[in-house]
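*Asks:* Take a look at this one; I'll ask things after.
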Amino acid sequence: MSRHVLKAVKFSALFLLISVSLVSIITVIFTYNKPQSVIDLLQPLVPTDTPAPITMKGVAVLGDSQADEYRADDNRGYNYPATTLNWIEILEKKRNVNFGPWSVWEEPRRTGYEYNWARTGNTTASMIQSEHHIGVAEQIKQGKVNVVVIFIGANDFAPYILDDGYHAIYNGELSEPAKKSKVNRIIADIKTAVYTIKDAGDVRVVLVKVPDWGQHVGVQVAFPFPDQRNDVSKVIRDVNAEMDKLANDEGLVTVDPNALYQSLVYKNEDNKMMVDGITIERLLLNNNPKNFYLEDGVHTGTAVNGFMANAIVKQINTMIDNDIQPLSEKEIRETAGL
């Protein structure tokens, strides 16, 4: 087991402990940080010069565990396997979106859909080093794929990455030039992926921006000082601003997971996430599909992934002529087994 995976396991255990014992503190933190306007946050970027719509064939994915299949090697959900799915698995199951056949693939792949190159633990750098983007480009050249979703960057800021991740920035261990270098390095890797993909053929690309760990209730307790958390959030915002520029320059579209998560948390006056009348628990960590986060404290449950699927579908639909029907809340609830 790798050093980073061991740290992730320890960090997940910490999330479980603090979530159970400090519920009241978490509630105060969320109330204090409530956004003034969810509607303003939910406006994704569409480039001013959007390419003409195409007929979608296969959809390829580059990313990390946010996109790596829950029902494959990672086996998330444990005793809830039938109802623990991520957004890719939901779209394949409910909308027959073509991510390719399911099989066991040679390294740098594992088990999963042929066009899904996302791998747990990936950073922007390891995505390029593993040549996942080149694999996607080959599938584009073969005519299998003409839509690509890139969902990467969370692990570049993970709290369990000590050298230049959340911990280091929060504690002031990175100089301003080092922060800028980190932003530039992340964007350079994303650009490498985008340019390689676009050079392979007529393709449409969705960029999912980097999630802010500071929205996680466990992180807010483990890293309790808001000003220092904001130091990390600022670097993440800088990355996301550069992703917006890239999208505008290259005719891509973006999805903002941070706006999505906030809209779900603050969906009603009680600050509760609801799915078709069912309350989703956001403070405790449990694989029961009624929870926002799985027991590992890092990955979101099926209900949240249903809304993420819709956010990505909304943007894909701006680029294709065979639209994907968004999921209803009833479908999301039923898929989660609620």
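What follows draws every value from the coordinates through simple rules; no lab data is involved. Note that the coordinates shown come from a computational prediction; the quantities given were computed from them, not determined experimentally. Cβ coordinates were reconstructed from backbone atoms using ideal geometry, including for glycine residues, and neighbour counts include every protein chain displayed.
*Asks:* Any residue at all in the range 284-304 that is more than 24 Å from Ile152 (Cα to Cα), touching a Ser or Thr at 6+ places or on another chain (Cβ under 8 Å), surrounded by 21 or more Cβ atoms within 10 Å (Cβ to Cβ) and small (Gly, Ala, Ser)? I'd like the intermediate steps shown before the answer.
*Replies:* First, pick out the residues of the range 284-304 that are more than 24 Å from Ile152 (Cα to Cα): 284, 286, 288-290.
After this cut, where a residue has to be touching a Ser or Thr at 6+ places or on another chain (Cβ under 8 Å) as well, the list is 284, 289-290.
Now narrow it down to the ones that are surrounded by 21 or more Cβ atoms within 10 Å (Cβ to Cβ): 289.
Applying the additional criterion that residues be small (Gly, Ala, Ser) yields none.
No, every residue in the range 284-304 fails to be more than 24 Å from Ile152 (Cα to Cα), touching a Ser or Thr at 6+ places or on another chain (Cβ under 8 Å), surrounded by 21 or more Cβ atoms within 10 Å (Cβ to Cβ) and small (Gly, Ala, Ser).
*Asks:* State the number of residues belonging to the range 275-325 that are without any contact (Cβ under 8 Å) to a residue 60 or more places away in the chain and either of a type in the set (Lys, Arg) or in contact with a Pro (Cβ under 9 Å, 6 or more places away or on another chain) (or both).
*Replies:* Matching residues across the range 275-325 total 5.
*Asks:* While we're here: Do the conditions hold for Asp156, that is, is it closer than 24 Å to Asn258 by Cβ, in contact with a helix residue (DSSP H, G or I) (Cβ under 9 Å, 6 or more places away or on another chain) and assigned to a helix (DSSP H, G or I)? Spell out how you get there, then give the answer.
*Replies:* Working: closer than 24 Å to Asn258 by Cβ: yes; in contact with a helix residue (DSSP H, G or I) (Cβ under 9 Å, 6 or more places away or on another chain): yes; assigned to a helix (DSSP H, G or I): yes.
It is true that Asp156 is closer than 24 Å to Asn258 by Cβ, in contact with a helix residue (DSSP H, G or I) (Cβ under 9 Å, 6 or more places away or on another chain) and assigned to a helix (DSSP H, G or I).
*Asks:* A further question on this structure: Got a number for residues in the range 241-256 being surrounded by 21 or more Cβ atoms within 10 Å (Cβ to Cβ) and free of Cβ contacts under 8 Å to residues at least 60 places away in the same chain?
*Replies:* Going through the range 241-256 one residue at a time, the tally reaches 1.
*Asks:* A follow-up question, please. Any residue at all in the range 129-149 that's in contact (Cβ under 8 Å) with a residue 12 or more places away in the chain, over 30 Å from Val183 (Cα atoms) and either small (Gly, Ala, Ser) or in a loop (DSSP other than H, G, I, E, B) (or both)?
*Replies:* Taking the range 129-149 first, the residues in contact (Cβ under 8 Å) with a residue 12 or more places away in the chain are 130-141, 143-149.
Remaining after also requiring over 30 Å from Val183 (Cα atoms): 141, 143-144.
Add one more test, that the residue is either small (Gly, Ala, Ser) or in a loop (DSSP other than H, G, I, E, B) (or both), and what stays is 143-144.
Yes: the range 129-149 contains one or more residues that are in contact (Cβ under 8 Å) with a residue 12 or more places away in the chain, over 30 Å from Val183 (Cα atoms) and either small (Gly, Ala, Ser) or in a loop (DSSP other than H, G, I, E, B) (or both).
*Asks:* Another question, then. Mind checking which residues of the range 59-107 are surrounded by fewer than 19 Cβ atoms within 10 Å (Cβ to Cβ) and of a type in the set (A, V, I, L, M, F, W, C)?
*Replies:* Matches in the range 59-107: Ala72, Ala82, Trp102, Val104, Trp105.
*Asks:* Give the range 328-338 a look and list any residue that's buried (at least 18 other Cβ atoms within 10 Å of the Cβ) and part of a loop (DSSP other than H, G, I, E, B), or say none.
*Replies:* Hits for the range 328-338 are Ala336, Leu338.
*Asks:* Taking the options Gln215, Gln220, name whichever one is surrounded by fewer than 20 Cβ atoms within 10 Å (Cβ to Cβ), in contact (Cβ under 8 Å) with a residue 40 or more places away in the chain and among the polar types (S, T, N, Q). Walk me through how you get there before you give the answer.
*Replies:* On the way: Gln220 fails: surrounded by fewer than 20 Cβ atoms within 10 Å (Cβ to Cβ).
The conditions single out Gln215.
*Asks:* Next question. Which ranges mark the strands (runs of 3 or more DSSP E) fully within the range 217-327 that have 2 or more residues being touching a helix residue (DSSP H, G or I) at 6+ places or on another chain (Cβ under 7 Å)? Write out each step before concluding.
*Replies:* On the way: elements: 253-255, 273-275, 278-285, 291-293.
Once the strands (runs of 3 or more DSSP E) in the range 217-327 are filtered for at least 2 residues that are touching a helix residue (DSSP H, G or I) at 6+ places or on another chain (Cβ under 7 Å), what remains is 253-255, 273-275, 278-285.
*Asks:* When residues of the range 169-182 are filtered for being surrounded by 19 or more Cβ atoms within 10 Å (Cβ to Cβ) and either under 22 Å from the mean Cα position of the chain (by Cα) or not in a loop (DSSP other than H, G, I, E, B) (or both), how many remain? Spell out the reasoning first.
*Replies:* Here is the first cut: in the range 169-182, the ones surrounded by 19 or more Cβ atoms within 10 Å (Cβ to Cβ) are 169-170, 174, 182.
Among the residues that remain, those that are also either under 22 Å from the mean Cα position of the chain (by Cα) or not in a loop (DSSP other than H, G, I, E, B) (or both) are: 169-170, 182.
The number of residues fulfilling the criteria is 3.
*Asks:* Quick check: is even one residue across the range 197-207 touching a Ser or Thr at 6+ places or on another chain (Cβ under 8 Å), part of a helix (DSSP H, G or I) and of a type in the set (Val, Ile, Thr)?
*Replies:* Here is the first cut: in the range 197-207, the residues touching a Ser or Thr at 6+ places or on another chain (Cβ under 8 Å) are 206-207.
The next check asks that each one be part of a helix (DSSP H, G or I); those that pass are none.
No; the residues of the range 197-207 include none that is touching a Ser or Thr at 6+ places or on another chain (Cβ under 8 Å), part of a helix (DSSP H, G or I) and of a type in the set (Val, Ile, Thr).
*Asks:* Would you be able to say whether some residue in the range 93-116 is touching a residue at least 12 places away in the same chain (Cβ under 8 Å), assigned to a loop (DSSP other than H, G, I, E, B), of a type in the set (Asp, Glu) and in contact with a Pro (Cβ under 8 Å, 6 or more places away or on another chain)?
*Replies:* Looking for residues that are touching a residue at least 12 places away in the same chain (Cβ under 8 Å), assigned to a loop (DSSP other than H, G, I, E, B), of a type in the set (Asp, Glu) and in contact with a Pro (Cβ under 8 Å, 6 or more places away or on another chain), one finds at least one in the range 93-116, hence yes.
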